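Engineer: Got a structure for you, written out below as structure tokens; questions coming shortly.
The values are calculated or read from the model by the stated rules, or taken from the named source; none is laboratory data. Remember, it's a predicted structure, so these values are computed and weren't measured experimentally. Counting neighbours? That spans all protein chains shown, and the Cβs are built from the backbone with ideal geometry, glycine included. Note: areas computed on protein heavy atoms with side chains; ligands, DNA, RNA excluded. Shrake-Rupley method; radii C 1.70, N 1.55, O 1.52, S 1.80 Å.
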Amino acid sequence: MSTFPTVRLRRTRQNEKLRSLVRETHLAIDQLIYPLFIAEDISEPHEVSSMPGIMQWPLEYLGREAERIANLGIPAVLLFGIPTEKDEVGSQAYDSKGIIQQAIRRLKAETPDLLVITDVCLCEYTSHGHCGVIHNGYVQNDESLDLLASMALSHVEAGADLVAPSDMMDGRVGAIRRTLDEHGFSSAPIMAYSAKFASGFYGPFREAAGSTPQFGDRRAYQMDPANAREALREVDLDIAEGADIVMVKPAMAYMDVIRQVRDRCNLPIAAYNVSGEFAMIKAAAQNGWIDERRVTMEVLTGIRRAGADMIITYFAPDVAGWLKE
């Protein structure tokens, strides 16, 4: 094998056009999904204090925001609802007149070409803030499945293009798949939060979605951050139960997991660039410590390089604008 001075790897790094020709990993607008928070009890958009530029949206403003996102070329949004009323079993989550069901109908009427993905989890709708039914201080797995399936069904009936269960109850993908099929929605895809870790990076999201647990934490059902082999088991089970897309969440600290999932399966893979990851970059940039655009593009490219086909990110509008330049 020839070596220096015959081999000079810097030859293809001399200018941007040459670097672009040999670039191995590409980030594109059509790989981005933008999360939206829709709140029932507000009349004006409300900025999330820990997530600069990210809003809670009232229904009345949702159409304008969706049109902006669609005009940027972003193909999909992921919806999270913030209801006025919460109870022990999250009944607003599967109410046909619930905040998310209303939002879906409005989006499909006003921006029909925008893909609407809905988060399927009870935590935003329960008075205790956990992702399932509580008995004796413990989240009941099997009793929660019917409620989650009803929630997914109500979203698809309202017009959702995909449903994305994020609760991490065992068997929930299978329960949702059966319910959708039984009601004539066998074509509705499921994007499963397959490897969702019990992460410290979710803090700002809980402010945005009003979903902080009222006691304890979610470590009994979300994954231990130390476990990668278990993540592969979760992915395998979700695929066996009927998932069409699998997800790793968070993304930045779990790129090794994204890579292992990519090497293991041929399904499309989503990665969620979560709220804490967004907030850290924003805070460092606001303090002048980093170049926000450069670091954001580097991080998202790294997530793609690890093997993700699509990225859920709060940076989506900014990145879409940068990529259009």
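Engineer: Name the single residue, out of those in the range 274-296 being farther than 20 Å from residue 202 by Cα and basic (Lys, Arg), that is most open to solvent (accessible area, probe 1.4 Å).
Structural biologist: The qualifying residue most open to solvent (accessible area, probe 1.4 Å) is 294.
Engineer: Are any residues in the range 212-228 at pLDDT 95 or above, under 20 Å from the mean Cα position of the chain (by Cα) and either closer than 27 Å to residue 31 by Cβ or not acidic (Asp, Glu) (or both), and if so, which ones?
Structural biologist: Within the range 212-228, 225, 228 meet the criteria.
Engineer: What helices (runs of 4 or more DSSP H) lie completely within the range 85-193 and have 1 or more residues being more than 28 Å from residue 60 (Cα to Cα)?
Structural biologist: In the range 85-193, the matching helices (runs of 4 or more DSSP H) lie at 141-158, 172-182.
Engineer: Also: Could you please let me know if residue 12 is of a type in the set (S, T, N, Q) and more than 29 Å from residue 284 (Cα to Cα)?
Structural biologist: yes
Engineer: Same structure again: Considering (1) in contact (Cβ under 8 Å) with a residue 12 or more places away in the chain; (2) open to solvent by 10 Å² or more (accessible area, probe 1.4 Å); (3) closer than 24 Å to residue 80 by Cα; (4) aliphatic (A, V, I, L, M), say which one residue 323 fails and leave the rest.
Structural biologist: With (1) in contact (Cβ under 8 Å) with a residue 12 or more places away in the chain; (2) open to solvent by 10 Å² or more (accessible area, probe 1.4 Å); (3) closer than 24 Å to residue 80 by Cα; (4) aliphatic (A, V, I, L, M) applied to residue 323, the lone miss is (3).
Engineer: Which residue, of 231, 253, 271, is open to solvent by 10 Å² or more (accessible area, probe 1.4 Å) and modelled with pLDDT of 95 or more?
Structural biologist: From the options 231, 253, 271, the qualifying one is 253.
Engineer: Taking the range 26-47 on its own, how many of its residues are in a strand (DSSP E or B), over 22 Å from residue 71 (Cβ atoms) and either among the hydroxyl-bearing types (Ser, Thr, Tyr) or touching a residue at least 24 places away in the same chain (Cβ under 8 Å) (or both)?
Structural biologist: Summing the residues that are in a strand (DSSP E or B), over 22 Å from residue 71 (Cβ atoms) and either among the hydroxyl-bearing types (Ser, Thr, Tyr) or touching a residue at least 24 places away in the same chain (Cβ under 8 Å) (or both) in the range 26-47 gives 1.
Engineer: Are any of the residues in the range 2-24 outside any loop (DSSP other than H, G, I, E, B) and closer than 18 Å to residue 164 by Cβ?
Structural biologist: no
Engineer: Assess whether residue 301 counts as being open to solvent by less than 60 Å² (accessible area, probe 1.4 Å), within 18 Å of residue 29 (Cα to Cα) and either out of contact with any strand residue (DSSP E or B) (no Cβ under 7 Å at 6 or more places or on another chain) or among the charged types (D, E, K, R) (or both).
Structural biologist: yes
Engineer: Continuing with this model, one more query. Consider residue 143 carefully, then state whether it is within 19 Å of residue 92 (Cβ to Cβ), without any contact (Cβ under 8 Å) to a residue 12 or more places away in the chain and over 20 Å from the mean Cα position of the chain (by Cα).
Structural biologist: When the stated conditions are applied, residue 143 passes them.
Engineer: Further, regarding this structure: Report, by residue number, each residue of the range 220-250 that is in a strand (DSSP E or B) and touching a Lys or Arg at 6+ places or on another chain (Cβ under 9 Å).
Structural biologist: Within the range 220-250, 223, 247, 248, 249 meet the criteria.
Engineer: Mind listing just one residue for me: the one in the range 158-196 that is of a type in the set (D, E, K, R) and buried (at least 17 other Cβ atoms within 10 Å of the Cβ) and, of those, modelled with the lowest pLDDT?
Structural biologist: That would be 167.
Yes/no matrix, rows are residues, columns are (1) closer than 23 Å to residue 311 by Cα; (2) modelled with pLDDT under 95; (3) surrounded by 11 or more Cβ atoms within 10 Å (Cβ to Cβ):
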{"position": "6", "(1), (2), (3)": "no, yes, no"}
{"position": "17", "(1), (2), (3)": "no, no, no"}
{"position": "38", "(1), (2), (3)": "yes, no, yes"}
{"position": "67", "(1), (2), (3)": "yes, no, yes"}
{"position": "72", "(1), (2), (3)": "yes, no, yes"}
{"position": "76", "(1), (2), (3)": "yes, no, yes"}
{"position": "80", "(1), (2), (3)": "yes, no, yes"}
{"position": "86", "(1), (2), (3)": "no, yes, yes"}
{"position": "89", "(1), (2), (3)": "no, yes, yes"}
